[in-house]
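Visitor: Quick one: the structure is below, questions incoming.
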Amino acid sequence: MTDFITDKLSDALDELENYHTFDGEFWKYSRLRAEELLPADDWRLQEILKFRKKVSEEK
């Protein structure tokens with residue numbers, strides 16, 4: 001599964017680590033999914049969704 005982890009995905013997750021949610025807490029401590037927080041056209045969300053798709057196709 002580590003083959004699916006790209007540099008771009010790593011960059012997206014690194015950026016989101018300290019991203020603040022609507023209530024001011026950090027996303028990494030939140031139960032919000034990325035799609036609940038980020039706009040549909042956000043590059044970070046797109047990378048996460050690509051990863052999820054690859055993993056689900058592999059199952």
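The values are calculated or read from the model by the stated rules, or taken from the named source; none is laboratory data. Remember, it's a predicted structure, so these values are computed and weren't measured experimentally. Here Cβ is always computed from backbone atoms with ideal geometry, including for glycine, and neighbour counts include all displayed protein chains.
Visitor: Within the set of pairs 6 or more residues apart or between chains, which connect a residue that is farther than 16 Å from Asp14 by Cα inside the stretch 24-38 to a residue that is at pLDDT below 85 with Cβ atoms less than 8 Å apart?
Guide: Matching pairs, first to second residue: Leu32/Thr21.
Visitor: Just the residues that are in a loop (DSSP other than H, G, I, E, B) and either at pLDDT 95 or above or surrounded by 11 or more Cβ atoms within 10 Å (Cβ to Cβ) (or both), please, taken from the stretch 41-59. Spell out how you get there, then give the answer.
Guide: So the first thing to find is which residues in the stretch 41-59 are in a loop (DSSP other than H, G, I, E, B), and the list is 41-42, 59.
Of everything in the stretch 41-59, those that are in a loop (DSSP other than H, G, I, E, B) and either at pLDDT 95 or above or surrounded by 11 or more Cβ atoms within 10 Å (Cβ to Cβ) (or both) turn out to be Asp41, Asp42.
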